[in-house]
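Structure record follows, encoded as structure tokens.
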Amino acid sequence: MADLEHVDVVIVGGGWTGLLMAKEITSRTSLSVLVLERGGPVRNKAEYAAGMDELDYEIRLRMMQNIADETVTHRLAGRDRAVPVRQYGSFHPGTGVGGSGEHWSAVATRFLPEEFILATHLREKYGSAKLPENLAVQDWGFTYDELEPNYWRAEQMMGVSGKAGNLRGTLIEGGNIHEGPRSHEFPNPPHPMTYMPSLFRNAAADLGYHPFPIPSATLSQAYRNPDGVLRPGCQYCGYCSHYGCMVGAKAQPSTTLLPLLTKRKNFTLRTGCSVRRLIHSNGKAVGVSYIDGSGKEITQPADAIVLASWTINNVRLLLLSKIGDPYDPVAGQGTLGKNLTHQVGQTVQLFLDKPLNNFMGSGGLGMAVGNFAGDPPDSAASSGVFRGGTIQANAGGQGPISSFGRVPQGEVRSNWGSEWKKAALNWHDKEAEIISRDMHFAYRQNYMDLDPTYTDRYGDPLLRLTLDWTDHERRQAEMLAKVELSLAKAMGAKGVRSIEVIGSHYSAAAYQGTHIQGGVIMGDSPDQSVVNPWLQHWHMPNLWIVGGSCFPQNEATPTLTILAVTYRAADAFVDRYLKRPGALA
Amino acid sequence: MKRREFITLSTTSFGGLLVYTLAREPIRLNAQEAKIQVPLRFFTAKEAQVIAAACDRIFPSDDSGPGAKDAGVIVYIDRQLAGPYGRDRYRYTKGPFVESSPEHGYQGKANPQEIYHDGIQQLGPDFADLDAAKQDERLRSIETTMFFRMLRVHTIEGIFSDPMHGGNANLIGWQLIGYPGPLMSYRDAIGKFNGQPWRRKPMGLEQVLGRPVKGWEEEAG
């Protein structure tokens with residue numbers, strides 16, 4: 001075991017949150033900051049261009065963590081035996097510098113104001129008695145209005161393209177009139193709309209909804225952000241989700257944060273370093289222990305630790321390091337691992353009579369309606385739906401393999417052979433999807449702990465997810481499917497196929513989105529949360545835990561909110577904690 | 001060392017002598033009959049003939065256009081199975097292995113190489129010599145197996161993946177569906193061509209970049 005020279009701050013994980021914390025701390029203080037990333041070094045644009053290959057990147061998932069080394073186990077309920085997720089299904093966690101922030105699709109929506117006070121909001125609006133059983137949603141410990149300036153910082157840093165629908169309380173048609181008030185118009189205008197989302201926009205307007213362009217963290221034009229980083233506009237090549245951007249138009253940690261960090265003398269990045277334990281004594285974090293690229297075990301002492309890996313690994317490292325009280329759903333005690341959420345969604349495929357050129361596009365290019373997000377119509381609430389979702393039609397760029405073979409329901413008997421092939425060729429490039437991104441409530445029975453059976457490549461226990469849908473999610477999906485079908489019809493669909501994203505049970509095998517939240521949730525009381533509203537550990541003041549693991553529940557696409565909350569944490573760390581190290585009051 | 005095995009493919013069917021116009025109309029050029037021999041990395045010649053025949057029933061060469069045989073799908077599958085994917089280098093393979101519900105995906109111990117060897121037994125060593133109706137009958141009888149699901153997915157991958165992976169010979173798959181390849185920019189076309197097809201002669205990634213690119217299957221692992 002080798003002991004290294006002490007650093008002021010060690011950051012575990014080199015993705016969006018780790019590098020944002022590093023950038024804020026190194027640019028505002030002279031502290032030495034070391035980022036440990038377990039994946040490989042940063043990839044440049046030429047390497048991303050050589051990665052414009054659907055098979056290796058979208059199907060074999062070349063940018064993801066090697067699941068052979070480490071995975072999670074899953075069970076539907078506490079009485080079941082968990083089995084390992086042996087191949088990627090419902091989520092695709094990235095690895096290497098930039099993490100999943102390199103391969104995301106760059107949808108950059110804000111959460112609604114009620115989300116931050118959700119427990120209070122639902123109780124006041126509906127009364128506790130009406131709400132779903134075992135509901136565990138909590139307030140965040142701060143409000144939308146308090147977070148708004150940080151949303152704006154994150155949007156400027158990334159250069160989000162979109163159209164405001166609520167500017168300081170004034171509603172503007174063409175933007176999302178259902179969103180919370182924005183202090184500023186978007187930094188960049190929306191992307192040009194392609195044919196399919198334009199049909200969606202017209203259909204939505206005809207049905208009386210308020211369509212708006214999806215906010216996208218891929219630039220619609222060349223843009224220099226307030227940090228001085230210049231990036232070009234999107235080329236609409238369609239290689240977005242599951243790929244790194246080959247021109248740098250998509251906001252990625254490698255193109256927005258790393259260019260600044262590499263100029264800082266107080267910044268060090270070490271790749272190929274897998275952190276296995278956070279070391280602590282007497283209620284204070286003192287360093288981390290990791291295995292380096294050559295397999296050597298190394299101890300890195302530090303004055304403060306920022307845990308900034310993905311949700312799964314944040315929770316797992318705290319459990320393995322025995323920091324905090326593991327959650328016990330039966331006794332209703334403990335906080336670490338509780339409030340596991342993913343994301344609810346419902347998809348309708350529709351078939352049109354004209355070619356769509358689906359290979360062009362950008363991950364966040366599309367139109368959406370917010371009429372069913374947040375509080376649903378009263379009729380839905382009376383049938384037991386208490387929060388809904390955003391319905392959208394993306395032109396994200398479809399690859400030829402994954403888009404091939406879709407035909408309207410009931411048209412052919414088989415999914416192979418001449419008859420199927422002919423139908424699939426006929427409908428190819430005429431198929432589109434209407435999807436929804438819905439609130440996922442937290443429940444007492446959905447949580448994370450260590451698996452008693454399965455281990456990673458070093459022999460450490462895997463994280464175990466106990467997660468299933470409840471009737472509330474099934475009802476949400478039903479409500480949104482109806483709207484999606486009416487939109488498909490209004491778009492002139494010649495055929496449709498409903499995709500059961502929310503089946504009767506949670507599926508670890510079907511792709512949903514890499515949006516797993518909770519486990520290290522924030523809140524205003526140490527009895528109910530692991531970190532305080534500034535993401536500082538309640539019982540270990542020099543340990544800060546950032547990322548989606550801090551969400552008490554998940555409204556929808558989380559990245560922009562994760563970054564806004566990280567800015568808030570960075571401010572608290574630099575402006576308050578460093579001046580008076582200790583628990584923030 | 002293993003004896004080198006080859007599969008013999010006819011150039012009139014293997015690849016690009018069938019071409020497509022930009023309006024997606026097929027033209028069959030008068031080709032000279034020739035044979036090429038492709039060295040195999042995983043299958044024996046006999047096994048390759050069985051799999052190639054099965055792929056061509058899944059995605060047949062017929063009056064709606066070229067099929068698995070024309071795209072050289074067998075070469076694609078052979079290379080995938082010989083590489084790290086075929087040996088499950090990217091799947092969690094620690095035990096215990098237990099049966100579970102479909103929500104947990106494939107939980108078996110067998111890797112793709114083993115699944116194919118087993119599948120070839122199920123299809124029968126005489127599979128390539130059967131008539132099409134008999135072949136379809138046998139395939140239907142194994143439709144619900146992991147092997148068949150894999151074979152179907154791999155067939156589609158072999159037709160529509162970048163030619164650097166061994167299939168999609170002469171971009172026949174992309175010609176068939178009007179896919180232009182991984183082009184670097186549609187900035188001038190985006191938001192235009194509403195309901196109109198935007199078609200170009202397809203290009204593979206190496207052509208687009210003007211330099212060689214290696215598939216993941218070429219990496220040792």
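The values are calculated or read from the model by the stated rules, or taken from the named source; none is laboratory data. Just so it is clear, the structure is predicted and the values come from calculations on it, not from any experiment. Counting neighbours? That spans all protein chains shown, and the Cβs are built from the backbone with ideal geometry, glycine included.
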Being in a helix (DSSP H, G or I) and of a type outside the set (Lys, Arg): is that true of A:Glu115 here?
yes
Taking the condition of being surrounded by fewer than 22 Cβ atoms within 10 Å (Cβ to Cβ) and either at the interface with chain B (Cβ under 9 Å from one of its Cβ atoms) or among the polar types (S, T, N, Q) (or both), how many residues in region A:36-50 meet it?
3
Tabulated pairs, region B:53-75, first more than 7 Å from chain A (Cβ to nearest Cβ) and at positive phi, second of a type in the set (S, T, N, Q) and buried (at least 24 other Cβ atoms within 10 Å of the Cβ), C-beta under 9 angstrom, 6+ apart or interchain:
B:Gly72/B:Asn168
Suppose we filter region A:82-95 for residues that are touching a strand residue (DSSP E or B) at 6+ places or on another chain (Cβ under 7 Å), of a type outside the set (A, V, I, L, M) and in a loop (DSSP other than H, G, I, E, B); how many remain?
4
Determine whether A:Asp378 is surrounded by fewer than 21 Cβ atoms within 10 Å (Cβ to Cβ), of a type outside the set (Ser, Thr, Tyr) and modelled with pLDDT of 95 or more.
no
Right, A:Ala119: over 22 Å from A:Thr514 (Cβ atoms) and touching a Pro at 6+ places or on another chain (Cβ under 9 Å) or not?
yes
Could you please find all residues in region A:253-287 being out of contact with any helix residue (DSSP H, G or I) (no Cβ under 9 Å at 6 or more places or on another chain), in contact (Cβ under 8 Å) with a residue 60 or more places away in the chain and either hydrophobic (A, V, I, L, M, F, W, C) or closer than 21 Å to A:Leu20 by Cα (or both)?
A:Thr268, A:Arg270, A:Thr271, A:Gly272, A:Cys273, A:Ser274, A:Ala285, A:Gly287
What are the pairs, 6+ residues apart or on separate chains, where a residue within region A:452-472 that is within 12 Å of chain B (Cβ to nearest Cβ) and free of Cβ contacts under 8 Å to residues at least 24 places away in the same chain has its Cβ under 8 Å from a residue that is surrounded by 17 or more Cβ atoms within 10 Å (Cβ to Cβ) and hydrophobic (A, V, I, L, M, F, W, C)?
A:Thr455/A:Leu462
Inspect all residues belonging to region B:175-188 and state whether any of them is in a helix (DSSP H, G or I), touching a residue at least 12 places away in the same chain (Cβ under 8 Å), more than 9 Å from chain A (Cβ to nearest Cβ) and under 30 Å from A:Tyr195 (Cα atoms).
yes
Just to be sure before I move on: is B:Gln207 more than 10 Å from every other protein chain (Cβ to nearest Cβ), over 28 Å from A:Ala395 (Cβ atoms) and at pLDDT 95 or above in the structure I sent?
no
Considering only residues that are assigned to a strand (DSSP E or B) and more than 24 Å from the chain's Cα centre (by Cα), look in region A:224-268 and name the one that is nearest to the other protein chains (Cβ to nearest Cβ).
A:Leu230
Out of the residues in region A:51-80 that are more than 7 Å from chain B (Cβ to nearest Cβ) and basic (Lys, Arg), state the one that is farthest from A:Gln343 (Cα to Cα).
A:Arg79
Report, by residue number, each residue of region A:495-526 that is farther than 30 Å from A:Met540 by Cα and either modelled with pLDDT of 95 or more or more than 13 Å from chain B (Cβ to nearest Cβ) (or both).
A:Gly495, A:Val496, A:Arg497, A:Ser498, A:Ile499, A:Gly513
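Conditions (1) outside any strand (DSSP E or B); (2) crowded, with 24+ Cβ neighbours inside 10 Å; (3) out of contact with any Leu (no Cβ under 6 Å at 6 or more places or on another chain), marked per residue:
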residue: A:Val288; (1), (2), (3): no, yes, no
residue: A:Gly295; (1), (2), (3): yes, no, yes
residue: A:Pro301; (1), (2), (3): no, no, yes
residue: A:Ser309; (1), (2), (3): yes, yes, yes
residue: A:Arg316; (1), (2), (3): yes, yes, no
residue: A:Leu319; (1), (2), (3): yes, no, no
residue: A:Lys322; (1), (2), (3): yes, no, yes
Tally, over region A:346-373, of residues that are in a loop (DSSP other than H, G, I, E, B) and either surrounded by fewer than 24 Cβ atoms within 10 Å (Cβ to Cβ) or in contact with a helix residue (DSSP H, G or I) (Cβ under 8 Å, 6 or more places away or on another chain) (or both):
12
